[in-house]
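For reference, the structure discussed in these notes is given below.
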Amino acid sequence: MTQSEMSTATRQRLPRALLRSDLLPAAPAAPPLLAAFGTLVDWSVVAMGAVMIVLVFFNVLLHVIGRDMAAVTELAELMMVWVTFLSGGSATRRGAQMTITEFIDMLGGGARSAADAVIDLLAVAVLLLLIWFGTNLVVAGWGNELTVLQIPMSFQYLGMPVGAFAMLVWIVYDLYLIAQGRTRDQRWPKA
């Protein structure tokens, strides 16, 4: 969905940064709320990635003068977990998740859609497990602290269930589109 297709009321409610989706890689059309969610995830990845670059560069400069800030390393590690899992949500939004399609590409029409639905259902099961076990890790980790930052390790662990949820949103939306009868090319148009 382009910005011009978004209703004026919706545009007024969303922060301006979310409307600058033209700075991000192209994503398939989605309802406004889903598109805003996807853009929020995308910008979160961009912001955390930028902060990580600055932190690591700063620590490299400190190494040049024989110093090190352990807090910088630990914060960058924490953010890396978040970026990894949220990037999965960004990739899933665009149908860019890693797939091996040699066999299902031979299928056509309804058989291909059925195969895609089965694969999506398996992905839903795996993502629900990641959310379940990730949430259990978060709950269990409140008593443990990161060594230098001295914050609960749960903040680092939280990246897994949040990122898995972001992926789950797009997989469920893909299942919805399959149920609507849309082909793979209609669901994931080539840029």
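Just so you know, all these numbers are worked out from the coordinates, no wet-lab data involved. In this text the structure is predicted, and so the values were computed from the model without any measurement. Here the Cβ positions follow ideal geometry from the backbone for every residue, glycine too, while neighbour counts run over all protein chains shown.
Each of the peptides 33-39, 73-79, 108-114, 48-54 was scored by the mean count of other Cβ atoms within 10 Å over its residues; in descending order, highest first, they stand as 33-39, 73-79, 48-54, 108-114.
Mean residue ellipticity at 222 nm from the helices of the chain, using -39,500 (n - 2.57) per DSSP H segment of n ≥ 4 over the full residue count, to the nearest 500 deg cm²/dmol?
Values: 8 runs with 128 residues, N = 191.
One gets -22000 deg cm²/dmol as the mean residue ellipticity at 222 nm.
Taking every C-alpha pair closer than 8 Å and separated by at least 6 residues, the mean separation divided by the residue count of the chain gives a relative contact order of 24 percent. Taking amide hydrogens as placed 1.01 Å from N in the peptide plane, the amide H of residue 145 sits under 5 Å from those of 153, each at least 5 positions away in sequence or on another chain. Value of Rg to Rh for the chain, rounded to two decimals, is 1.04; Kirkwood radius and Rg both from alpha-carbon coordinates. Charges were assigned to the Cβ only: +1 to each Lys and Arg, -1 to each Asp and Glu. The resulting dipole of the range 29-187 about its Cα centre is roughly 300 debye.
Per the Cauchy relation, a quarter of the hull surface: what is the mean projected area of the convex hull of the alpha carbons in the range 129-191, in nm²? Display every interim value, and only then the final one.
Values: hull surface 24.4 nm².
The directionally averaged projection comes out at 6.1 nm².
For residue 179 and residue 63, the difference between the fully extended length at 0.36 nm per residue and the C-alpha to C-alpha distance is 36.2 nm.
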